[in-house]
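The values are calculated or read from the model by the stated rules, or taken from the named source; none is laboratory data. Because the structure is a prediction, the values reported are computed rather than measured. Positions of Cβ are generated from backbone atoms using ideal geometry, with glycine treated the same way; all protein chains shown enter the neighbour counts.
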Amino acid sequence: MFLMIDNPKKNWTVYLLECADQSLYCGITNDLDNRLKQHRGEIPGGAKYTRSRSPLKLVYREKCGSRSEALKRELIIKKLTRNAKLQLIEDRINSEADLSH
């Protein structure tokens, strides 16, 4: 069993992956690079859902102040419709584009 302990010094991230079948997977982590390696099967520990849905593409990430905050945000995102999740992704892309100008 994998146990995530909340460490205030760690940065927590909520993320969305787009799978090869166009489905969206939402999760949280305090080490995004490592978690992506897990999902891609490079190291043990990836979610069962993503194992058969490769390749995966990171399409959204949002930093959170704590594990508790990340879990709450993940629950909100998971309850969104697919269209609302796609809009969330689009809004993030547009806001990042605005910042680059």
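Quick look at the values:
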quantity: Enumeration of residues in region 23-57 that are closer than 18 Å to ARG67 by Cα and either of a type in the set (Val, Ile, Thr) or more than 13 Å from the chain's Cα centre (by Cα) (or both); calculated: ILE28, THR29
quantity: Residue count, region 39-49 (criterion: assigned to a loop (DSSP other than H, G, I, E, B) and either touching a strand residue (DSSP E or B) at 6+ places or on another chain (Cβ under 7 Å) or under 13 Å from LEU17 (Cα atoms) (or both)); calculated: 3
quantity: Of residues in region 19-38 being touching a residue at least 24 places away in the same chain (Cβ under 8 Å) and in a loop (DSSP other than H, G, I, E, B), the one surrounded by the fewest Cβ atoms within 10 Å (Cβ to Cβ); calculated: ASP21
quantity: So LEU58, is it at pLDDT 95 or above, under 19 Å from LEU86 (Cα atoms) and in contact with a Phe, Trp or Tyr (Cβ under 6 Å, 6 or more places away or on another chain); calculated: no
quantity: Among (1) of a type in the set (D, E, K, R); (2) touching a helix residue (DSSP H, G or I) at 6+ places or on another chain (Cβ under 8 Å); (3) at pLDDT 95 or above - the single one LYS72 does not satisfy; calculated: (2)
quantity: Residue check, ALA47 of a type outside the set (Lys, Arg), surrounded by 13 or more Cβ atoms within 10 Å (Cβ to Cβ) and free of Cβ contacts under 8 Å to residues at least 24 places away in the same chain; calculated: yes
quantity: From the options GLU74, GLU69, residue that is assigned to a helix (DSSP H, G or I), surrounded by 14 or more Cβ atoms within 10 Å (Cβ to Cβ) and in contact with a Gly (Cβ under 9 Å, 6 or more places away or on another chain); calculated: GLU74
quantity: Output for region 5-25, where each listed residue is within 21 Å of ILE76 (Cβ to Cβ), at pLDDT below 95 and in contact with a Ser or Thr (Cβ under 8 Å, 6 or more places away or on another chain); calculated: ASP6
quantity: Test: residue in region 50-62 that is on the phi < 0 side of the Ramachandran plot, out of contact with any helix residue (DSSP H, G or I) (no Cβ under 7 Å at 6 or more places or on another chain) and assigned to a helix (DSSP H, G or I); calculated: yes
quantity: Filter result for LYS63 (of a type outside the set (S, T, N, Q) and either free of Cβ contacts under 8 Å to residues at least 12 places away in the same chain or loosely packed, with under 11 Cβ neighbours inside 10 Å (or both)); calculated: no
